[in-house]
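Q: If you scroll down you'll find the structure; I have some questions about it.
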Amino acid sequence: MDSSVKNQIRTIVGKEHCSDRKEDLFLYSYDAMNRRYLPDMVAHPSSAQEISRLINLANEKLFAIVPRGAGTGLTGGSLAVDGGLVITTSRMNRILEIDPENQTAWVEAGVFNGDLQSAAAAHGLFFPPDPASMDFSTLGGNAAENAGGARAVKYGVTRDYVMALEVVMPTGEIVHTGSAAIKSVTGYDLTRLIVGSEGTLGVITRLCLKLIPIPEAVGTMLAAFPEINTAAKAVAMIMSSRVTPSTLEFMDRTAVECVKEYLQDDIPPDVAALLLIEVDGSPSVVEADSKVLEKKCLEAGARYVQSARESEEREALWTARRSLSPAIMKIRPLKINEDVAVPRMKIPDLITGIEELARKHRLTIVNFGHAGDGNVHVNFLLDPEDKEEVSRADHCVKELFQLVIALGGTLSGEHGIGIAKAPYLDIELESSATDVMKKIKHALDPNNILNPHKTFDYDKTSLERELSPHNG
Amino acid sequence: MDKDQTRQLKRQCVKCGKCQTVCPLFSVRPIEASAARGKMALAEAVTQGHLDESDTYRNYLETCLLCGACEEICPNKVQTLSAMLGARERLVANGRSKSGKKLILENVVGRPRLLDLAMRLGRNFLGLAFRRIPAESGIRRRFPLPLITRDRTLPSLADNFFTDRYKGQVNSGSGPKVGIFPGCMTNYFYPGTAEGIIGLLKKLGASVYVPEGQVCCGMPALTGGAREVVRKLACQNLEAFEKYELDAIVTGCASCGGNLKENYGGLLREAGVEDQRIEEFTSKVFDINEYLFRHRAPDPREGTVQKEEGGKEELIVTYHHPCHLHRVQGVKAEPIALIQSTPGVRYVPMADDQRCCGMGGSFSLEHYDMAKEVNDQKVARIIETGADAVVTSCPACIMHIRDGLSRNQRGDIEVLHLTELLQRYDCEKQEAGKALDSGTRGLKTGTYDAEHRTQNIIRGLKPADKRDYLLLFEI
Ligand SMILES: Cc1cc2nc3c(=O)[nH]c(=O)nc-3n(C[C@H](O)[C@H](O)[C@H](O)COP(=O)(O)OP(=O)(O)OC[C@H]3O[C@@H](n4cnc5c(N)ncnc54)[C@H](O)[C@@H]3O)c2cc1C
Ligand code: SF4
Ligand code: SF4
Ligand code: SF4
């Protein structure tokens, strides 16, 4: 990127809102996948118009534009693997409107999910998608990754709550998709095309989101199982019962150990897995449903089922659960995290399969996740210095994906493909499907300027630009 | 070192971003450089040789309250505070710290006599420069203090510094021998707090000492990365206090207490002091809240609030947890219990009471704009409670919160050190009066008189010292 281009960028966003100082490039070189690629410049535009002008410039001068929300993505989606300009939504962080009657909200893309939750709560409403990162990830990023959360088992994922979008297309046009009306079938569903497109088909600048009333009561339970398999069996039994829990989270023993400081009670040594279960609704429904699920757990072989009576107890359980992903790094310095998903009745098969893989490849694997929707976070914990172990893990990951696909599942339940899973895409997708995606991408982004080399656009050489952890 | 320990040390930031949710600076400047994640990333890039220790780097690193909220929340238990301090120390070691600041740290803070003189000088300048602000109580002054360039409401320097008035043994009692470490801010600005401590210890029957030869605890130098300077100060303090063979050392300054308890061990060890002597010293350090709670406070569960005889209206107070007290020293329940057991006082908790007030030591000198915005959040929380007074336990917090309240036209809400509250409601009347007046009293020095005195002090300086003074005024 030459200096005249940089000057044009400065003119568009204002020079105090962009930088090409090396320090700033480092600050926007990573996300929660913890890899680094230095962009050539970082800009913090304040509107769709500014973004449109930046994109026009990129098409003229042919440099990459990489959208970035809060950089909490786990698959490297916001990394400038090809250099270029990182644009953040940090200055577009206003909640524009909450409409309690229609139960909708208009927000700018940079609003944190948690801030919308507090604002909605003031009207007795909530936004169901609740990724564990909700307090520090943006709604634009949530939509771009189609993030899910613990409540997805009952309420669905981000996709199900995005009604309309303002998007800057890869060719610079500002487009409004969807409608604030609940029913809308006018034209192609561009909203759904953009949601989950990982910043490759457009930059989301505004979102119209659906809110729903906060349930009157919530019941929280913690069920402890002597074996992982019995826990998996309980999941299957619960999900085929008449009660749909609002949360059904699974953690294995090692995962629990990593967050035990947040828990109020000690977990007995003969417990191998925990299920965190919630039901919501009217107080009488909550009571009745809790009983049903408690019974299912005990039938499946739970050692005990405990309910969190105080909201403090519930908070502690959730803090523990939300801290899991980074906290398991305590065991080993390197983590490969896969968030595979299978049809939920296949959860017991998946868990058994993973245990076998761990034995076969002699690896430490920690499992936790959203068991209720078949989404398990499989974490390989490694010592980066042990090259042999790392290569065993690489094989294992591939076999895991094969297992998942054999079970009718998918490579990623919620974290997206980014650069992390791009090399494995063909395990799941037939080439005719990737071809359609490539055609769409090419039609919308003929110059391939928006977030290149992500998802199906895997390019090994560009990934080699990664900064090594050592000098040089 | 076993494998676990090595791992502990090697534990690195995984860039999850969770620390952004609690970082007070991130809440006012939501950019990557604000929270620990960004600072860790920069420090890593420097250690790995990808980045130079540039001015921008230094500036990003130093734009931090060192409040520790990030370390507390980090799910991966990354020791962000020591990582950030370590990076600051490397800046100093490599000659990359801001030149003026470095000189001040080494020449002034590191030389107690100079610091003392600087404060005297400053005090006399105040007479020249202060202008009144229309505050109800008349105790608030807005003036440019030598070290502070922007307009803000600051306490006036005390007429009599605490260590000038009290030296050696100040009370004889049959109880334990307790030494007081007032710390600089208390000594120069709020001697009333330390006098309050004397009063409270007297009531316990303690023999109270203000050891001569004690100096600044070194916190500003430590956060400035000048570890060597602090090592020297630590040794001087150790020697000053050892002489008295005390049973306990108490302080009313959260930052000093945290420093003495948590950092002195390492510092003294580096200076070659034997472990036993170190242990002797550090194990005796108590924050005044802790000390009072252990020795006199009634059990909080029994402590029902009673109205004072004669139907005096109760004072509604709320409490702000100083970072260096609750996070660094783990003292959180004690002050609340003490407040709740004080007759005539009703305690109302404030939201986010463990969030930093925005002072952050010298941070607020260099980044007053941000310090002010963080403080505005704190002030809003205080106002929400409807309290008559906010109590806390750190002179720096007191100064910053007072400034914030008067900026927000709520100078009517009092800001009290916990000892002041206890003194006022819990002590014999005469003692209380005496203690309070010196802490909150305004300036009495006349303008011409101050100028005259300043000239005299400058004239009396050695040439080398004179140069340092001029530096002091340059920042
Ligand atoms: C501790 C932790 C827990 C997590 N838990 C969950 C979880 O439970 N469920 C889950 O689904 N994810 C989870 N994640 C992953 C991550 O938080 C989500 O993917 C989140 O949606 C990313 O949002 P962000 O604002 O950080 O986006 P970024 O990481 O900045 O970007 C993510 C992707 O979105 C694109 N993007 C960002 N903003 C825009 C925009 N305005 N327009 C177009 N494209 C954009 C980027 O280009 C990139 O491809 C977790 C992450 C962490 C660190
Ligand atoms: S310091 Fe801790 S909380 Fe912050 S990004 Fe790093 S690992 Fe996460
Ligand atoms: S110490 Fe406080 S101000 Fe500094 S990065 Fe951590 S949370 Fe932010
Ligand atoms: S001023 Fe008080 S609250 Fe702020 S950092 Fe210092 S001790 Fe903590």
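Q: Checking the condition away from every other protein chain (no Cβ under 14 Å), at pLDDT 95 or above and touching a Phe, Trp or Tyr at 6+ places or on another chain (Cβ under 9 Å), which residue from A:D82, A:D40 passes?
A: Matching residue, one of A:D82, A:D40: A:D40.
Q: Out of everything in segment B:65-100 that is within 14 Å of chain A (Cβ to nearest Cβ), hydrophobic (A, V, I, L, M, F, W, C) and not in a helix (DSSP H, G or I), what residue ends up being farthest from B:V374 (Cα to Cα)?
A: By that ranking, first place goes to B:V78.
Q: Which numbered condition trips up B:D247, out of (1) touching a residue at least 60 places away in the same chain (Cβ under 8 Å); (2) surrounded by 15 or more Cβ atoms within 10 Å (Cβ to Cβ)?
A: (2)
Q: For a quick check of your reading of the model, give me the residue pairs whose first member lies in segment A:185-204 and is away from ligand 3 (no atom under 16 Å from the Cβ), whose second is of a type in the set (K, R) and part of a loop (DSSP other than H, G, I, E, B), with beta-carbon atoms closer than 8 Å and at least 6 apart or on different chains.
A: A:E198/A:K454; A:G199/A:K454; A:T200/A:K454
Q: Starting from residues that are in a helix (DSSP H, G or I) and at the interface with chain A (Cβ under 9 Å from one of its Cβ atoms), keep the ones in segment B:30-46 and report whichever is farthest from the chain's Cα centre (by Cα).
A: B:A45
Q: Still on this structure: Does any residue of segment A:87-94 turn out to be surrounded by fewer than 19 Cβ atoms within 10 Å (Cβ to Cβ) and either within 16 Å of ligand 3 (Cβ to nearest atom) or within 19 Å of A:A180 (Cα to Cα) (or both)?
A: Taking every residue of segment A:87-94 in turn, at least one turns out to be surrounded by fewer than 19 Cβ atoms within 10 Å (Cβ to Cβ) and either within 16 Å of ligand 3 (Cβ to nearest atom) or within 19 Å of A:A180 (Cα to Cα) (or both).
Q: Please work out if A:A48 is at the interface with another protein chain (Cβ under 10 Å from one of its Cβ atoms) and closer than 20 Å to B:P30 by Cα. Please lay out each step first, then the result.
A: Details: at the interface with another protein chain (Cβ under 10 Å from one of its Cβ atoms): no; closer than 20 Å to B:P30 by Cα: yes.
Criteria not met by A:A48.
Q: Which pairs do you get when a residue that is of a type in the set (V, I, T), found in segment B:152-167, comes within reach of a residue that is at pLDDT 80 or above, reach meaning Cβ atoms under 6 angstrom, with the pair 6+ apart or on two chains?
A: Hits for this filter: B:T153/B:D403; B:T153/B:S406; B:T163/B:N187.
Results for (1) within 16 Å of ligand 2 (Cβ to nearest atom); (2) farther than 30 Å from A:S323 by Cβ; (3) among the aromatic types (F, W, Y), shown as yes or no for each residue.
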site	(1), (2), (3)
A:T364	no, no, no
A:V404	no, no, no
A:Y424	no, no, yes
A:P469	yes, no, no
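Q: Taking the stated definitions as given, is B:Q329 touching a Gly at 6+ places or on another chain (Cβ under 7 Å), within 16 Å of B:D287 (Cβ to Cβ), touching a residue at least 24 places away in the same chain (Cβ under 8 Å) and of a type outside the set (D, E)? Give the derivation first.
A: Numbers: touching a Gly at 6+ places or on another chain (Cβ under 7 Å): yes; within 16 Å of B:D287 (Cβ to Cβ): yes; touching a residue at least 24 places away in the same chain (Cβ under 8 Å): yes; of a type outside the set (D, E): yes.
Taking the combined requirement at face value, the residue satisfies it.
Q: Sort through A:A32, A:A64, A:A48, A:A121 and tell me the only one that's more than 15 Å from A:G202 (Cα to Cα), crowded, with 19+ Cβ neighbours inside 10 Å and touching a residue at least 40 places away in the same chain (Cβ under 8 Å).
A: A:A32
Q: Taking segment A:11-29 on its own, how many of its residues are touching a Leu at 6+ places or on another chain (Cβ under 7 Å) and touching a residue at least 60 places away in the same chain (Cβ under 8 Å)?
A: Counting residues in segment A:11-29 that are touching a Leu at 6+ places or on another chain (Cβ under 7 Å) and touching a residue at least 60 places away in the same chain (Cβ under 8 Å) gives 1.
Q: Moving on. Within the group B:E89, B:E44, B:E71, B:E62, which residue is near ligand 2 (Cβ under 10 Å from one of its atoms), among the charged types (D, E, K, R) and out of contact with any Phe, Trp or Tyr (no Cβ under 6 Å at 6 or more places or on another chain)?
A: B:E71
Residue-by-condition table, conditions (1) more than 14 Å from chain B (Cβ to nearest Cβ); (2) buried (at least 21 other Cβ atoms within 10 Å of the Cβ):
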residue	(1), (2)
A:T11	yes, no
A:L54	yes, yes
A:G69	no, yes
A:L74	no, yes
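Q: Next question. Within segment A:308-422, which helices (runs of 4 or more DSSP H) (wholly inside it) include 1 or more residues that are closer than 26 Å to A:L79 by Cβ?
A: Here the list reads A:311-327, A:387-406.
Q: Count, please, the residues in segment A:219-242 that happen to be under 18 Å from A:K291 (Cβ atoms) and surrounded by fewer than 17 Cβ atoms within 10 Å (Cβ to Cβ).
A: Final tally of qualifying residues: 4.
Q: Inspect segment B:213-225 for any residue being within 27 Å of B:N171 (Cβ to Cβ) and without any contact (Cβ under 8 Å) to a residue 40 or more places away in the chain and give the result as yes or no.
A: Pass one, segment B:213-225, residues within 27 Å of B:N171 (Cβ to Cβ): B:213-217.
Restricting the remaining residues to those that are without any contact (Cβ under 8 Å) to a residue 40 or more places away in the chain gives B:213.
Yes, there is a match, as at least one residue in segment B:213-225 is within 27 Å of B:N171 (Cβ to Cβ) and without any contact (Cβ under 8 Å) to a residue 40 or more places away in the chain.
Condition check ((1) at pLDDT 95 or above; (2) touching a helix residue (DSSP H, G or I) at 6+ places or on another chain (Cβ under 9 Å); (3) β-branched (V, I, T)) across all residues:
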position: A:L274; (1), (2), (3): no, yes, no
position: A:C297; (1), (2), (3): yes, yes, no
position: A:A308; (1), (2), (3): no, yes, no
position: A:I328; (1), (2), (3): no, yes, yes
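Q: Also: State all residues of segment B:48-64 that are within 9 Å of another protein chain (Cβ to nearest Cβ), closer than 21 Å to B:C16 by Cα and assigned to a helix (DSSP H, G or I); if no residue qualifies, say none.
A: Across segment B:48-64, the qualifying residue is only B:Y60.
Q: Test B:A371 against the stated conditions and say whether it is among the hydrophobic types (A, V, I, L, M, F, W, C), outside any helix (DSSP H, G or I), in contact with a Ser or Thr (Cβ under 8 Å, 6 or more places away or on another chain) and crowded, with 19+ Cβ neighbours inside 10 Å.
A: No.
Q: A further question on this structure: Would you confirm whether any residue within segment A:316-337 is more than 14 Å from chain B (Cβ to nearest Cβ), basic (K, R) and in contact with a Ser or Thr (Cβ under 9 Å, 6 or more places away or on another chain)?
A: No, every residue in segment A:316-337 fails to be more than 14 Å from chain B (Cβ to nearest Cβ), basic (K, R) and in contact with a Ser or Thr (Cβ under 9 Å, 6 or more places away or on another chain).
Q: Looking only at segment B:333-364, count how many residues are of a type in the set (A, V, I, L, M), touching a Leu at 6+ places or on another chain (Cβ under 9 Å) and more than 13 Å from ligand 4 (Cβ to nearest atom).
A: First, the residues of segment B:333-364 that are of a type in the set (A, V, I, L, M): B:333, B:336-339, B:345, B:348, B:350-351, B:359.
Cutting the leftovers down to touching a Leu at 6+ places or on another chain (Cβ under 9 Å) gives us B:338-339, B:345, B:359.
If we keep only those that are more than 13 Å from ligand 4 (Cβ to nearest atom) as well, we get B:338-339, B:345.
Number satisfying all stated conditions: 3.
Q: May I ask you to list the residues in segment A:85-118 that are in a strand (DSSP E or B), farther than 17 Å from A:P45 by Cβ and free of Cβ contacts under 8 Å to residues at least 60 places away in the same chain?
A: A:I95, A:E97, A:D99, A:F112
Q: Of the conditions (1) within 14 Å of another protein chain (Cβ to nearest Cβ); (2) farther than 23 Å from A:T205 by Cα, A:L27 fails just one. Which one is it?
A: Of everything listed in (1) within 14 Å of another protein chain (Cβ to nearest Cβ); (2) farther than 23 Å from A:T205 by Cα, A:L27 misses just condition (2).
Q: Mind counting the residues in segment A:417-432 that are closer than 13 Å to A:D457 by Cα and more than 22 Å from the chain's Cα centre (by Cα)?
A: Result for segment A:417-432: 1.
Q: While we're on this one: Going by the conditions given, is B:V379 surrounded by 19 or more Cβ atoms within 10 Å (Cβ to Cβ), within 13 Å of ligand 3 (Cβ to nearest atom) and either within 14 Å of chain A (Cβ to nearest Cβ) or in a helix (DSSP H, G or I) (or both)?
A: Criteria not met by B:V379.
The values are calculated or read from the model by the stated rules, or taken from the named source; none is laboratory data. All figures in this text were calculated on a predicted structure; none of them were measured in a lab. Reconstructed Cβ throughout: ideal geometry from the backbone, glycine too, with neighbour counts over all protein chains shown.
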